[in-house]
Amino acid sequence: MEVTLQNLTKKFPGRGRKKREDVIAVNDVTFKIPDGELIGLLGPSGCGKSTTLNLISGLLKPSAGRILFGEDDVTDLPPENRGIGLVFQNYALYPHLTVKQNILFPLQNLKGEARPSREEMQKKVYEAAGLVQIEDLMDRKPGELSGGQQQRVAIARALVKMPRVLLLDEPLSNLDARLRLQTREEIRRIQRETGITTIFVTHDQEEAMSISDRIVVMKDGIVQQIGRPQQVYDNPENLFVAKFLGNPPMNVFEGRVKEGRLYLGEEAVLNLKGAADRKVYVGIRPEGFVLQEKGPFSCELSGVEVMGRDISVVCKNASSVNPTVRAVIGTDHEVDTENDMIRFSLVSHKVFLFDRETEERICFEAE
Ligand code: ADP
Ligand code: MG
């Protein structure tokens, strides 16, 4: 089911005696979700992800704009008539019902012709339970389950009606790291198996990058960029997106372009074409540094962290916006920690330039 958001806006009026300012939680959001895709809605806390999801679900009414499922304008439909499945961070299971009764619940609520027979209901409940592999837990109460198991029950409950659209709001946030990884792979598998168009909300860039066909990056209610995860990582359109994706995050410097060279402080670190002389922000991905004895970019070495797969070199540079600069290099390199200084050359496609005012990306060609 293709989902279309057209100029979707949600304004929460300021309340109280000292009338607070209105909050525009979702600001003129327009995008299409292709049928059968999993979209990661990504951004920092408070950027409007849950509000967007709740507009799609019908739990909230938009201040302006339309929502379409396929050709169907669902903007004025109540949630129960939209054909959606919802999963929240806090599972929201009925504690006094067994797992089976919890999953059964949405079916029992169906009225008239939509209500399946008893046998059909049983079949659907076991199919949904099978998808998330909890057939062995059907007679337990939620209190007798681990967090991961509870979340699987919540997912089964959302799937049992075979929704047109599956909406997941930070579904993995309450799980520990290992379970989070496992459950996210499972959500991906289920989504592929069922082909249900899915919107997955998270503030965790790694989670969104790894699970999504496409990510939508939001800030302050406004969509910043939409694209395939790798494409957005490799071609961020502005400094916010560039900094938000990637771990360790991108290093940001104040620099300038002068006569075809990029300067950080007094050092010309890269030759480039197509960018006019100006002050810029320079973003360098941690993997964009290459250890080189006579490299053009020098930093003060603070320390080295061996992470198993690679080495993090922590250093300082006067042009850096952040207190430290972090370079990630392969373990086949050795860093002499006796040295005070360390020198790098830069990988040009891991270096990004941004306008100092608008923070929009400035494109250039490396020489
Ligand atoms: P996210 O899910 O990305 O963390 P939300 O969509 O929950 O963000 O919130 C977006 C903004 O809207 C925040 O500034 C939040 O404080 C505000 N907001 C959310 N719900 C309400 C509400 N019911 N009343 C007023 N403001 C709200
Ligand atoms: Mg939220």
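Close contacts from segment 164-176, counting a first residue that is within 16 Å of ligand 2 (Cβ to nearest atom) and a second that is of a type in the set (D, E), with Cβ to Cβ under 7 Å and a gap of 6+ residues or different chains, come to L172/E207.
With the structure loaded, tell me whether L93 is open to solvent by 10 Å² or more (accessible area, probe 1.4 Å), assigned to a loop (DSSP other than H, G, I, E, B) and either within 16 Å of ligand 1 (Cβ to nearest atom) or in contact with a Pro (Cβ under 9 Å, 6 or more places away or on another chain) (or both) or whether it fails that test. Considered against the rule, which asks whether it is open to solvent by 10 Å² or more (accessible area, probe 1.4 Å), assigned to a loop (DSSP other than H, G, I, E, B) and either within 16 Å of ligand 1 (Cβ to nearest atom) or in contact with a Pro (Cβ under 9 Å, 6 or more places away or on another chain) (or both), L93 comes out as yes. Scanning segment 36-52 for residues that are assigned to a strand (DSSP E or B) and within 11 Å of ligand 2 (Cβ to nearest atom) returns a single hit, L41. Of the set (1) surrounded by fewer than 18 Cβ atoms within 10 Å (Cβ to Cβ); (2) more than 16 Å from ligand 1 (Cβ to nearest atom), all apply to V165 but (1).
Scanning segment 16-73 for residues that are touching a Pro at 6+ places or on another chain (Cβ under 6 Å) and away from ligand 1 (no atom under 13 Å from the Cβ) turns up just one, G58. Among the numbered conditions (1) open to solvent by less than 70 Å² (accessible area, probe 1.4 Å); (2) free of Cβ contacts under 8 Å to residues at least 12 places away in the same chain, the only one that G43 does not meet is (2). If the requirement is being away from ligand 2 (no atom under 16 Å from the Cβ) and within 22 Å of I215 (Cβ to Cβ), which of these qualifies: Q122, Q149, Q191, Q133? Answer to the selection: Q191. Residues that are open to solvent by less than 30 Å² (accessible area, probe 1.4 Å) and closer than 30 Å to Q224 by Cβ within segment 330-354 comprise F344, L346, V351, F352, L353, F354, listed in sequence order.
Looking at segment 272-286 only, could you name the residues that are in contact with a helix residue (DSSP H, G or I) (Cβ under 9 Å, 6 or more places away or on another chain) and open to solvent by 20 Å² or more (accessible area, probe 1.4 Å)?
Initially, segment 272-286 is screened for residues in contact with a helix residue (DSSP H, G or I) (Cβ under 9 Å, 6 or more places away or on another chain), giving 272, 281, 283-286.
Correct list: Y281 only.
On inspection, K161 qualifies as over 23 Å from the mean Cα position of the chain (by Cα) and outside any helix (DSSP H, G or I).
Taken together, Y233, Y263 contain a single residue that is assigned to a strand (DSSP E or B), open to solvent by 30 Å² or more (accessible area, probe 1.4 Å) and at pLDDT 95 or above, which is Y263. For segment 183-225, the candidate set comprises residues that are hydroxyl-bearing (S, T, Y) and assigned to a helix (DSSP H, G or I); within that set, the residue that is nearest to I155 (Cα to Cα) is T183. Is one or more of the residues making up segment 18-32 assigned to a helix (DSSP H, G or I), of a type outside the set (S, T, N, Q), open to solvent by less than 70 Å² (accessible area, probe 1.4 Å) and within 16 Å of ligand 2 (Cβ to nearest atom)? No, every residue in segment 18-32 fails to be assigned to a helix (DSSP H, G or I), of a type outside the set (S, T, N, Q), open to solvent by less than 70 Å² (accessible area, probe 1.4 Å) and within 16 Å of ligand 2 (Cβ to nearest atom).
Scanning segment 96-128 for residues that are farther than 27 Å from T202 by Cβ, open to solvent by less than 60 Å² (accessible area, probe 1.4 Å) and assigned to a helix (DSSP H, G or I) yields a count of 5. For beta carbons closer than 8 Å, sequence separation of 6+ or different chains, a first residue in segment 50-78 that is open to solvent by 60 Å² or more (accessible area, probe 1.4 Å) and acidic (D, E) and a second that is more than 16 Å from ligand 2 (Cβ to nearest atom) and outside any helix (DSSP H, G or I), the qualifying pairs are D73/R66; D73/I67. Taking the criterion of being at pLDDT below 90 and open to solvent by less than 70 Å² (accessible area, probe 1.4 Å), the residues of segment 131-145 that qualify are L131, V132. Of everything listed in (1) charged (D, E, K, R); (2) closer than 24 Å to N339 by Cα; (3) in a strand (DSSP E or B), the single unmet condition for K279 is (2). Taking the criterion of being more than 18 Å from I190 (Cβ to Cβ) and among the small types (G, A, S), the residues of segment 117-146 that qualify are S117, G143, S146.
One residue stands out in segment 287-329 among those that are open to solvent by 70 Å² or more (accessible area, probe 1.4 Å) and of a type in the set (K, R): the one that is nearest to L264 (Cα to Cα), namely K316. The C-beta contact set for segment 93-112 (first residue more than 17 Å from N81 (Cβ to Cβ) and among the aliphatic types (A, V, I, L, M), second residue assigned to a loop (DSSP other than H, G, I, E, B) and at pLDDT 95 or above, distance under 6 angstrom, 6+ apart or interchain) comprises V99/M138; V99/R140.
The values are calculated or read from the model by the stated rules, or taken from the named source; none is laboratory data. Owing to the predicted nature of the structure, the values given are computational and were not obtained by experimental measurement. In this analysis, Cβ positions are derived from the backbone assuming ideal geometry, glycine residues included, and neighbour counts consider all displayed protein chains. Side chains included, ligands, DNA and RNA excluded: accessible areas come from the protein's heavy atoms. Shrake-Rupley method; radii C 1.70, N 1.55, O 1.52, S 1.80 Å.
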